[in-house]
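K.L.:
Supplied in structure tokens, the structure appears directly below.
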Amino acid sequence: MKTAVTGGAGFIGSNLVKKLLNKGHVVVIIDDFSRGNEFNLHDLGIDTEIRRIDLRNYESTLKSIKGAEVVFHLAARVGSIDYLHGSKWNELEALQSNLIIDANVFRACLGNGVKKLVYASSVAVYPIENQDKAETTFSEDSLDHYNPEGGYGWSKLMGEIQLAWTEGLDIGIARIFNIYGENGALGKSSHVVTSLIRKAILYPQEKYIVWGNGQQTRDFLYVGDCVEALIKMQEKSTKEPLIINIGSDRAVKISTLAENIARISGRNMEIIYDPSKPTGPFSRTSDNRQARALLDWEPKVSLDEGLRRTYKWEERRLKVQ
Ligand code: NAD
């Protein structure tokens, strides 16, 4: 079965491609490498066809998906809070780029007779005002009204709405929470886990500064567990889109995350909290009942184990750079 992975050179995409190749799939990566080619796919043991395509161009998108029976659509303008929501221009850029990419990919799937499509949506589609209090948990039916998180969240919501009106293939919509692990972005798009690990590795040259007061919580899921769930979503996708949260089902305080990373580093670091920095919503955790019931899936890798693996990978990466 030929499988195309858009965004296959990115963080989740590269881990997904590796897993699919291990399972014997024929995989083509479709990516414009705009995230920055921080790692070489061959160094990661990924040896497969790569189509270097800008998915904002419809003709190229249509050609690139030709021959695929299954498409995992992960390509998107993605980034840290600061990067995505730092300015009106960034909000607009994320919204417009992702709307164009998604529309092109969805139309190209229909144009090429693709049988199954898995779309990487996000926790950012859930109403943002509901994420301002502690212990907020979202189940899939928590989307009872629309107020997503900025340009990025609106683009993912519009992606889901487009798919609700798409007929002719089986669809899975993965509402992904906070993923961390090997191959995460290290530069301007880096997320909290990779960013804190980088500071811990570079300590004391770099101070171990945590953005905010550490009281916010996030739902951290190891990337290996995430790609297992995406593969199961492809298997279980249905004509009426199958919508499933992909998270860990567990709220972790940012202060706890920072302490865990400090412990793993083995360094006696001073943890400095900087409340002047942006932190994003206060709390958002996945309710995994649907994933357990419909995918028969549960996370396998503990936070401690996942952080240790990510730490080791990042130490190697920072030495190479
Ligand atoms: P990433 O930035 O590492 O990967 C995205 C990939 O898309 C990159 O390789 C980039 O080069 C590619 N891309 C961007 N614009 C493109 C274009 N115009 N044409 C072709 N390729 C293009 O991001 P990620 O963290 O791996 O996220 C993958 C998907 O999962 C995204 O859709 C993201 O919105 C979603 N998601 C991720 C998380 C997370 O925690 N990482 C959480 C929720 C949702």
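The values are calculated or read from the model by the stated rules, or taken from the named source; none is laboratory data. Not measured: the values here are computed from a predicted model. Every residue, glycine as well, gets a Cβ built from its backbone with ideal geometry; the counts of neighbours run over all protein chains shown. Only protein heavy atoms, including side chains, enter the accessible area calculation; ligands, DNA and RNA are left aside. Shrake-Rupley method; radii C 1.70, N 1.55, O 1.52, S 1.80 Å.
K.L.:
Checking the conditions here, which among GLY151, GLY187 is in contact with a helix residue (DSSP H, G or I) (Cβ under 9 Å, 6 or more places away or on another chain) and either surrounded by fewer than 19 Cβ atoms within 10 Å (Cβ to Cβ) or farther than 30 Å from GLU270 by Cα (or both)? Please lay out each step first, then the result.
P.N.:
On the way: GLY187 fails: in contact with a helix residue (DSSP H, G or I) (Cβ under 9 Å, 6 or more places away or on another chain).
One residue alone meets the criteria, GLY151.
To keep it simple, each residue is scored yes or no on (1) open to solvent by less than 60 Å² (accessible area, probe 1.4 Å); (2) touching a residue at least 12 places away in the same chain (Cβ under 8 Å); (3) closer than 18 Å to GLU160 by Cβ.
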site	(1), (2), (3)
PHE11	yes, yes, no
LYS18	no, yes, no
LEU21	yes, yes, no
HIS25	yes, yes, no
VAL28	yes, yes, no
ASP31	yes, yes, no
ASN40	no, no, no
ALA76	yes, yes, yes
ILE101	yes, yes, yes
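K.L.:
With among the basic types (Lys, Arg) and more than 16 Å from LEU74 (Cα to Cα) as the only criterion, which of LYS116, LYS133 stands out?
P.N.:
Details: LYS116 fails: more than 16 Å from LEU74 (Cα to Cα).
Criteria check complete, one pass: LYS133.
K.L.:
Being in contact (Cβ under 8 Å) with a residue 24 or more places away in the chain, out of contact with any Ser or Thr (no Cβ under 9 Å at 6 or more places or on another chain) and of a type in the set (Ser, Thr, Tyr) is the filter here; which residues of the range 42-67 pass it?
P.N.:
THR48, TYR58
K.L.:
Given the criterion more than 16 Å from CYS226 (Cα to Cα), part of a loop (DSSP other than H, G, I, E, B) and of a type outside the set (Lys, Arg), identify the matching residue among GLY8, GLY36. Steps first, answer last, please.
P.N.:
Numbers: GLY8 fails: more than 16 Å from CYS226 (Cα to Cα).
Going through GLY8, GLY36 in turn, just one is more than 16 Å from CYS226 (Cα to Cα), part of a loop (DSSP other than H, G, I, E, B) and of a type outside the set (Lys, Arg): GLY36.
K.L.:
Then there is this: Sort through TYR180, TYR203, TYR222, TYR208 and tell me the only one that's over 26 Å from PRO281 (Cα atoms) and in contact (Cβ under 8 Å) with a residue 40 or more places away in the chain.
P.N.:
Numbers: TYR180 fails: over 26 Å from PRO281 (Cα atoms); TYR222 fails: over 26 Å from PRO281 (Cα atoms); TYR208 fails: over 26 Å from PRO281 (Cα atoms).
Answer to the check: TYR203.
K.L.:
Looking at the range 109-134, which of the residues that are more than 11 Å from the ligand (Cβ to nearest atom) and touching a Phe, Trp or Tyr at 6+ places or on another chain (Cβ under 7 Å) is nearest to GLU149 (Cα to Cα)?
P.N.:
At the first step, the residues of the range 109-134 found to be more than 11 Å from the ligand (Cβ to nearest atom) are 109-117, 126-134.
The next check asks that each one be touching a Phe, Trp or Tyr at 6+ places or on another chain (Cβ under 7 Å); those that pass are 126, 131-134.
Values: TYR126: 8, GLN131: 10, ASP132: 12, LYS133: 15, ALA134: 17 Å.
Checking each candidate, the answer is TYR126.
K.L.:
Consider GLY111 against the criteria (1) over 16 Å from GLY159 (Cβ atoms); (2) open to solvent by less than 20 Å² (accessible area, probe 1.4 Å); (3) in contact with a helix residue (DSSP H, G or I) (Cβ under 7 Å, 6 or more places away or on another chain): it satisfies all of them except one. Which criterion is unmet?
P.N.:
For GLY111, the exception is condition (2).
K.L.:
From (1) within 16 Å of LEU230 (Cα to Cα); (2) touching a helix residue (DSSP H, G or I) at 6+ places or on another chain (Cβ under 7 Å); (3) more than 10 Å from the ligand (Cβ to nearest atom); (4) hydrophobic (A, V, I, L, M, F, W, C), pick out the condition that doesn't hold for PHE72.
P.N.:
So PHE72 meets the others, but not (3).
K.L.:
Something else about it: For the structure I just gave you, tell me whether ASP43 is modelled with pLDDT under 95, in a loop (DSSP other than H, G, I, E, B), more than 13 Å from the ligand (Cβ to nearest atom) and farther than 15 Å from ARG77 by Cβ.
P.N.:
Details: modelled with pLDDT under 95: yes; in a loop (DSSP other than H, G, I, E, B): no; more than 13 Å from the ligand (Cβ to nearest atom): yes; farther than 15 Å from ARG77 by Cβ: yes.
So ASP43 does not fit the description; no.
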